[in-house]
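Below is one structure, written out as structure tokens, with a few remarks after it.
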Amino acid sequence: MVRLHQLFWSFFKIGTFTIGGGYAMIPLMEKELVDNRHWLEREEFLDLMAVSQALPGIFAVHMATSIGYRLRGIPGTLTAIAGNILMPIAIILCLAIGFRQLRDNVLFEAVFKGIRPAVVALIAAPVFNLARTARINLRNCWIPIVACLLIYLLGVSPVWIVLATILGGTLYGYLTNRKEVAS
């Protein structure tokens, strides 16, 4: 059984070293919870991530909530959330207090410019891991490509993309099952 203090420190570590928002935490979370601690299987992690992405609100808190509840119920939920948000809240408070004095500082600006490429890499890395776990291959890779193009080039809302893929997946599953039953 996962101990609450272990859960807290794992999420505290994830929250402390996540720069760039909730999606940047995915590789850290996957490494800690799936690879190092073996608390979740990769498929289970992917499922919890899909549910967390579909909910409105803060992705990082949804992940902590889902995983904490899965591992230890309500106490695990509260512990994972506390560990996950404690350091980011402290950092945000410090930045908010000192931002006025630092916003024109050349060094401060350089640090943030240096962090940007790392944030892009932290967000891109889980995309490739997710594609592998979700079994994206040459036969179905057109789906995420078309979705990205619709969002980026035509400004289609991601909500419509999600609804369309839910409808398409449901229809595909229905037709596939119907063929198998008929055979």
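Throughout, read-outs are computed from the coordinates displayed, never taken from laboratory work. Keep in mind that what you see is a predicted model, and the values were worked out from it rather than measured. FYI the Cβ positions are ideal-geometry reconstructions off the backbone, even for glycines, and counts take in every protein chain you see.
Between the alpha-carbon centres of region 1-41 and region 78-124 there is a gap of 18 Å. Across region 138-183 the C-alpha pair distances fall into 10 Å bins from zero in the proportions 25, 41, 24, 9, 1 percent. Sparse packing (at most 12 other Cβ atoms within 10 Å of the Cβ) combined with a DSSP loop state is found for the following GluC sites (Glu not before Pro) in region 20-77: 41.
Within region 20-108, the trypsin sites (Lys or Arg not before Pro) that combine a DSSP coil assignment with at most 11 other C-beta atoms in a 10 angstrom radius are 103. Here the average projected area of the convex hull drawn through the C-alpha atoms of region 4-135 stands at 8.5 nm². How much net charge surrounds residue 17 when only the other residues with a Cβ under 15 Å from the Cβ of residue 17 are counted, with Lys and Arg +1 and Asp and Glu -1? Summing Lys/Arg as +1 and Asp/Glu as -1 gives 0. For region 1-54, pairs of C-alpha atoms spaced more than 19 angstrom apart make up 26 percent of the total.
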